[in-house]
Amino acid sequence: EPCGHECSPSPMESSRAHPWRDWAEWEACYADLFALDDPTARARGVQRVATWRSRGRVPLAVESTAVLAELELSTALSEPVLCLALGMALTRLVNGVVDPMQQRARATSVQRLAAEGALPASLV
């Protein structure tokens, strides 16, 4: 696992196209987005994800992380607007996780699906 997390490709994934050039670029972006004490690095990570977006589909976890980092770095938003934007970002994350799990004949609650997807109940 290059970054110490579950981000290395499986044999099936290695032939799949991703918007990042290589795993070195992936690891650099990961390090930037999670450089919690370095706003310049975090902004660089957010910009790199924006570049990936222009190349194609970005995985939900990467997109959500970048959006949350961007909102944290934002100084132009008022507090109420920032709260709304954070709520929308978290709602998008939860829905992105649970929607693919909604495969039963009758709809299952988002809370139950989120629990099955190992999401904390506080996000639902």
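The values are calculated or read from the model by the stated rules, or taken from the named source; none is laboratory data. Fair warning: this is a prediction, and the values are worked out from it, not measured in the lab. Ideal geometry is used to build each Cβ from the backbone, glycine not excepted, and the neighbour counts take in all protein chains shown. SASA here: full protein model, heavy atoms, side chains in, ligands and nucleic acids out. Shrake-Rupley method; radii C 1.70, N 1.55, O 1.52, S 1.80 Å.
Between Ser78, Ser74, which is free of Cβ contacts under 8 Å to residues at least 12 places away in the same chain and either touching a Gly at 6+ places or on another chain (Cβ under 9 Å) or under 21 Å from Asp32 (Cβ atoms) (or both)?
Numbers: Ser78 fails: either touching a Gly at 6+ places or on another chain (Cβ under 9 Å) or under 21 Å from Asp32 (Cβ atoms) (or both).
Exactly one of Ser78, Ser74 is free of Cβ contacts under 8 Å to residues at least 12 places away in the same chain and either touching a Gly at 6+ places or on another chain (Cβ under 9 Å) or under 21 Å from Asp32 (Cβ atoms) (or both), namely Ser74.
Does Ala43 satisfy the criteria of being part of a helix (DSSP H, G or I) and out of contact with any Pro (no Cβ under 8 Å at 6 or more places or on another chain)?
Working: part of a helix (DSSP H, G or I): yes; out of contact with any Pro (no Cβ under 8 Å at 6 or more places or on another chain): yes.
For Ala43, the condition - part of a helix (DSSP H, G or I) and out of contact with any Pro (no Cβ under 8 Å at 6 or more places or on another chain) - is met.
Based on this model, can you work out whether Asp32 counts as loosely packed, with under 14 Cβ neighbours inside 10 Å and not hydrophobic (A, V, I, L, M, F, W, C)? Even if it seems obvious, please write down each step before you answer.
Values: loosely packed, with under 14 Cβ neighbours inside 10 Å: no; not hydrophobic (A, V, I, L, M, F, W, C): yes.
In short, no.
Out of the residues in region 69-97 that are assigned to a loop (DSSP other than H, G, I, E, B) and farther than 20 Å from Val49 by Cα, state the one that is most open to solvent (accessible area, probe 1.4 Å). This residue is Ala76. Restricting the first member to region 98-124 and to residues that are open to solvent by 100 Å² or more (accessible area, probe 1.4 Å), and the second to residues that are outside any loop (DSSP other than H, G, I, E, B), the beta-carbon pairs closer than 7 Å and six or more apart or on different chains are Gln111/Ala121. Scan region 46-67 and give yes if some residue there is exposed (fewer than 14 other Cβ atoms within 10 Å of the Cβ), touching a Ser or Thr at 6+ places or on another chain (Cβ under 7 Å) and of a type outside the set (Phe, Trp, Tyr), otherwise no. Within region 46-67 (the criterion being exposed (fewer than 14 other Cβ atoms within 10 Å of the Cβ), touching a Ser or Thr at 6+ places or on another chain (Cβ under 7 Å) and of a type outside the set (Phe, Trp, Tyr)), the answer is no, since none of the residues qualifies.
Looking only at region 74-87, decide whether some residue is under 12 Å from the mean Cα position of the chain (by Cα), closer than 25 Å to Gly117 by Cβ and at pLDDT 95 or above. The answer is no, given that none of the residues of region 74-87 is under 12 Å from the mean Cα position of the chain (by Cα), closer than 25 Å to Gly117 by Cβ and at pLDDT 95 or above.
Could you say whether any residue in region 52-59 is closer than 22 Å to Leu119 by Cα, modelled with pLDDT under 95 and within 12 Å of the chain's Cα centre (by Cα)?
As a first pass, look at region 52-59 and keep what is closer than 22 Å to Leu119 by Cα: 58-59.
Filter again for modelled with pLDDT under 95, leaving 58-59.
Then keep just the ones that are within 12 Å of the chain's Cα centre (by Cα); that gives 58-59.
Scanning region 52-59, I find at least one residue that is closer than 22 Å to Leu119 by Cα, modelled with pLDDT under 95 and within 12 Å of the chain's Cα centre (by Cα), so the answer is yes.
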